Amino acid sequence: MREERCVIGIDAGTSVVKAVAFDYCGNEVCSHEIPMPLRRPQPLWVEQDMNELWEAVRACLGRVVRELKGLKRELAGIGITSTGDGTWIIDQGGNPVRGGILWCDGRAGRIVERFHSQKIADEAFEICGTSVFTGSQVAQLVWLRENEPESLRKAHVIFHAKDWLFFKLTGIISSDETDESLTMLRMATRQYDPELFRIFGIEDLYPKFPPVKPTEENVGPISSTVARELDVPPGVPVGSGPMDVAACALGTGAIEHGQASSILGTAGIHQVIMNEPILEPKMVGMTLCHGVKGRWIRMLAAMTATPNLDWFLKELGGSLSKELGGAGEDIYRHLEKIVSSVPAGADGVLFHPYLFPGGERGPFVKPTARASFTGLNLNHSCKHLLRAVYEGVAFATLDCYRHMPIDPQTVYLSGGGANSQVWCQIMADCLGKPVSVPAGSQFGAKGAAINIGVALGFYESAQDAVSRSVKMTRFYDPDAVNSRLYQQLYEVYKKTAERQMDLWDLRARIVAGGD
């Protein structure tokens with residue numbers, strides 16, 4: 001790829017849509033983003049308007065295309081990634097049947113509990129390597145059958161989010177291995193398995209699923225209509241995939257067996273790369289195809305990461321905000337100073353970061369799980385609670401890695417949480433492993449851009465792309481004293497959660513429909 005040529009990566013996230021142009025060396029040339037509103041028509045529901053998502057993507061893409069023209073850069077290709085799981089349905093005319101149901105939607109909680117209590121989830125795990133949770137597409141499809149059968153009668157194709165966007169950009173109906181591996185592919189073959197459709201009782205929906213392709217082959221030309229609207233050359237290649245977590249792994253350089261990638265974003269995504277599917281331990285996390293040939297990912301995904309801090313700051317952090325120093329001091333830098341003033345372990349305060357209405361999915365699946373502080377006494381202050389929130393997200397990360405089939409040596413850390421040096425150090429101390437932060441900020445978009453670059457032959461392989469375009473910028477070694485303390489406190493953290501399992505269920509029965 002010549003230096004003046006660029007590829008654009010689109011990352012349609014849970015709350016923000018981004019389009020980022022990258023050069024051959026992986027540098028971010030220009031970008032644009034638009035906040036994406038979520039719809040919550042009922043307490044446990046989380047949806048996006050499919051047409052609004054497309055309009056946001058088109059606006060972001062158009063803005064970056066114009067900026068590239070001003071910079072005299074040539075657009076060589078476009079890559080798309082988006083949130084995984086969830087359900088996005090179109091009718092025969094290619095129009096949305098209903099709102100897109102997101103991965104963090106909690107309406108299918110009772111169906112998931114049924115899947116697990118009846119061992120349906122266990123049977124499926126032996127094939128797909130994924131433990132079903134409330135955001136799994138299959139659970140949402142069963143919910144639709146029981147509650148909105150008309151939506152399924154109208155369905156022509158059942159998509160994931162990026163598939164819908166690829167369809168709008170190209171007119172092509174397809175999906176890739178990364179999205180469909182959660183949960184409808186047999187891991188050994190990377191293809192749909194009819195047995196999975198039978199196990200979940202959705203055999204009749206099989207014809208409505210799109211063709212599944214290897215990620216770097218899921219490519220097509222932009223439609224002439226969209227090309228004219230965006231003023232791009234006819235036939236510009238568009239690649240769809242990998243899904244966001246696999247795209248972030250690729251964008252941060254995690255592509256070889258034993259490497260690990262953690263994303264502290266809306267969710268806490270933790271993944272190790274495998275050169276073959278390893279389905280041990282059973283019924284823990286998710287196994288998915290990587291966007292790289294011959295690689296798989298074992299992923300454990302905590303439902304929330306940085307939203308724990310956002311919630312704390314909004315609801316409990318008023319007194320801390322008032323302590324801001326000089327004019328213009330950044331609130332998050334201020335919070336880092338406060339966290340650093342509190343000893344590791346927050347003087348015994350623990351926080352379990354289970355804030356999402358859909359409960360938790362990693363390393364355990366529990367729709368009724370809820371967040372809590374424990375260990376409080378009159379000597380504790382809001383500052384202790386703040387540090388406990390940072391540490392709680394780190395403990396949730398450790399909890400996930402303790403249930404991985406591979407113990408990684410180094411973790412590549414990205415997402416909004418990686419912008420905090422204090423949080424990075426807490427992560428290294430809690431994990432007891434070195435943490436490396438890659439240069440850049442838009443790793444989902446970068447993974448999608450790398451994929452289209454490989455597909456077009458700009459790079460010889462994913463390995464060549466990573467070596468040329470991914471560089472590490474910050475490194476954190478664990479503090480031995482803090483690590484020993486965190487290992488001890490982790491046992492308290494884990495056992496506290498285990499002993500609350502029945503209480504979460506009891507609470508849910510008492511306040512059914514009230515949260």
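Summary of computed values
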item	result
Members of 162/282; 72/162; 337/446; 119/282 lying beyond 23 Å, as alpha-carbon distances in this model show	162/282; 72/162; 337/446
Karplus-derived 3J(HN,Hα), 6.51/-1.76/1.60, for each residue of the range 88-94, Hz, glycine and proline x	10, 10, 10, 9, 4, x, x
Nearest-0.05 FRET efficiency for residue 484 and residue 323, computed from C-beta distance (R0 25 Å)	0.20
Cβ-based charge dipole, the chain, positive-most Cα from 50, 234, 121	50
Cβ-Cβ FRET estimate between residue 276 and residue 198, R0 fixed at 30 Å, reported to 0.05	0.70
Spin-label zone in the range 194-230 - amide nitrogen under 19 Å from a point set 7 Å from the Cα of residue 118 along the C-beta vector	194-206
Ellipticity estimate at 222 nm from DSSP helix runs (n ≥ 4, -39,500 (n - 2.57)) divided over the chain, nearest 500	-12000 deg cm²/dmol
For the range 47-123 versus the range 431-449, the gap between their alpha-carbon centres in whole angstrom	22
Positive-pole candidate from 161, 300, 264, dipole of the chain, charges at beta carbon	264
Hits among lysines - C-alpha to C-alpha of residue 494 under 17 Å, sequence gap 8 or more where chains match	366
Burial order of peptide ranges 232-244, 400-412 (average beta-carbon count within 10 Å, highest first)	232-244, 400-412
Three-way shape call for the range 182-326 based on the alpha-carbon gyration tensor, with the a/c threshold at 1.5	oblate
Sum of side-chain charges, residue 227 neighbourhood, beta-carbon under 15 Å (Lys, Arg +1; Asp, Glu -1)	+2
Dipole moment magnitude, nearest 20 debye, the range 360-513 about Cα centre, only Lys, Arg, Asp, Glu C-beta charged	360
Calculated from backbone phi, Karplus (6.51, -1.76, 1.60) coupling profile of the range 439-445 in Hz, x at Gly/Pro	5, x, 9, 10, 7, x, 4
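All of the numbers you see were taken from the coordinates with simple rules; none came from a lab. What you see is a predicted model, and the numbers here were worked out from it, not measured in a lab. Note that we place each Cβ from the backbone using ideal geometry, even for glycine, and neighbour counts take in every protein chain shown.
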